[in-house]
1. Applying the selection to the stretch 23-77, what residues are within 15 Å of the ligand (Cβ to nearest atom), among the acidic types (Asp, Glu) and surrounded by 12 or more Cβ atoms within 10 Å (Cβ to Cβ)?
2. Looking only at residues that are in contact (Cβ under 8 Å) with a residue 40 or more places away in the chain and either buried (at least 22 other Cβ atoms within 10 Å of the Cβ) or under 14 Å from the mean Cα position of the chain (by Cα) (or both) in the stretch 88-107, which one is farthest from Leu133 (Cα to Cα)?
3. For Ala150, indicate whether it is within 16 Å of the ligand (Cβ to nearest atom), buried (at least 20 other Cβ atoms within 10 Å of the Cβ) and either over 30 Å from Asn251 (Cα atoms) or among the aliphatic types (A, V, I, L, M) (or both).
4. Just checking, how many residues over the stretch 285-322 are away from the ligand (no atom under 16 Å from the Cβ) and either assigned by TED's automatic domain parsing to the domain that holds Ala70 or of a type outside the set (Asp, Glu) (or both)?
5. Suppose we filter Val302, Val311 for residues that are touching a residue at least 12 places away in the same chain (Cβ under 8 Å) and in a strand (DSSP E or B); which single one remains?
6. For the subset of the stretch 173-193 comprising residues that are surrounded by fewer than 16 Cβ atoms within 10 Å (Cβ to Cβ) and under 27 Å from Gly7 (Cβ atoms), which member is nearest to the ligand (Cβ to nearest atom)?
7. If you go through the stretch 124-143, how many residues are touching a strand residue (DSSP E or B) at 6+ places or on another chain (Cβ under 7 Å), more than 11 Å from Ile109 (Cα to Cα) and more than 16 Å from the ligand (Cβ to nearest atom)?
8. Please give the number of the condition Glu210 fails out of (1) within 30 Å of Ile122 (Cβ to Cβ); (2) assigned to a strand (DSSP E or B).
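The values are calculated or read from the model by the stated rules, or taken from the named source; none is laboratory data. None of the values given here were measured: they were computed from a predicted structure. Positions of Cβ are generated from backbone atoms using ideal geometry, with glycine treated the same way; all protein chains shown enter the neighbour counts. Side chains included, ligands, DNA and RNA excluded: accessible areas come from the protein's heavy atoms. Shrake-Rupley method; radii C 1.70, N 1.55, O 1.52, S 1.80 Å.
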Amino acid sequence: MRIGIVGASGAVGAEIIKILEERKFKVSSLSLFGSKRSAGKYLSFKKRKIRIQELKKESLKNFDLIFFSAGSDISKKFAHIATSSGAVVIDNSSAFRMDPEVPLIIPEINSKDIEKMGKNIIANPNCTTVISLMAIKPLLNLSPIKRVVATSFQSVSGAGARGIRELIENIEYSLKKGKKFKNIVFEKEIAFNVIPKIGNITSNLYSEEEMKLHNESRKILVDNKINFTATTVRVPVLRSHSISLNIEFNNNVAMENIIKALKKFPGLKVMNSSKNNTYPTPIDATNSDDCIVGRIRDDFTVKNGIALWVVGDQIRKGAALNAVQIAEFL
Ligand SMILES: NC(=O)c1ccc[n+]([C@@H]2O[C@H](COP(=O)([O-])OP(=O)(O)OC[C@H]3O[C@@H](n4cnc5c(N)ncnc54)[C@H](OP(=O)(O)O)[C@@H]3O)[C@@H](O)[C@H]2O)c1
């Protein structure tokens, strides 16, 4: 396949290159695109150095598949140019996620929806949505779910390569100087702090990130009755997101069946015991393809409720790996 990656120098783009190589994806040619800033730099694929080209309208001809990973403005401007030249686009941004003609895919959950592709574009869901649904889908197979209360603990790499740099600089600066750091990527200092807002605040006072979890989940699960209420929080963790999920089922489900269903679900591991500190942390999920669940317990305050904790590498399963898995299905 003739493959292109737009945003190859970014956190997600660089991971796509790595995963294509790891999974021995059939690549006959690989072209890498970025802005003027990275044009001319080289990245390696299968021991070959590939030069990053500046993205231009005429760049996107003669491809079978192009991964877009450069933000929604770039996807909106260039994805249709790529598809009208014959390529299928797998888009990591939010540009087309809620478009009814664009399937929103987590392969373990709704790979069949790929067939509904109307515009030669497939969207990758928001990273917090992917990781949350990897734990929720096996449970939804046991009973309809009324409501999910989600609190996310999202790493700085969710804001891209610049987010990683800002956390490290902020920590170094604070330790050395003991003065206020001038934050750019995050709205407040992220070192030794947490920021309870990701994305802009919408008309109902939820943030965009919080509404993505509700809206995208309903589309992926084809379930307009399930409700998600979320608080999404940026935390000073380099990589992998964690989400606390409080789930209220319509019916009574035995804990034994819950654990069984989670253990059986592809792409999900269970690390759950009250003994020996057996629960997952973001470091356990980093560089791993699997999401990991733990701290699974009955919610004694509500009928048919449970609480659990799920972690996942959001650059891999929340973006790059999920995109390559979609390409494999294609
Ligand atoms: N990071 C995550 O955990 C995550 C998870 C899920 C989805 N996503 C989505 O994936 C996309 C990429 O995120 P990221 O975290 O990889 O961001 P990033 O590290 O900031 O990388 C952004 C990439 O876009 C390129 N770019 C920016 N402006 C461009 C332009 N005008 N023309 C061509 N290329 C341009 C950058 O190239 P230069 O180096 O040349 O600037 C860079 O390669 C975003 O839509 C994001 O919402 C990210």
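1. Glu54
2. Among residues in the stretch 88-107 that are in contact (Cβ under 8 Å) with a residue 40 or more places away in the chain and either buried (at least 22 other Cβ atoms within 10 Å of the Cβ) or under 14 Å from the mean Cα position of the chain (by Cα) (or both), the one farthest from Leu133 (Cα to Cα) is Ile90.
3. no
4. Residues in the stretch 285-322 being away from the ligand (no atom under 16 Å from the Cβ) and either assigned by TED's automatic domain parsing to the domain that holds Ala70 or of a type outside the set (Asp, Glu) (or both): 16 in total.
5. Val311
6. Selected residue: Ile184.
7. Summing the residues that are touching a strand residue (DSSP E or B) at 6+ places or on another chain (Cβ under 7 Å), more than 11 Å from Ile109 (Cα to Cα) and more than 16 Å from the ligand (Cβ to nearest atom) in the stretch 124-143 gives 2.
8. (2) is the only condition that Glu210 fails.
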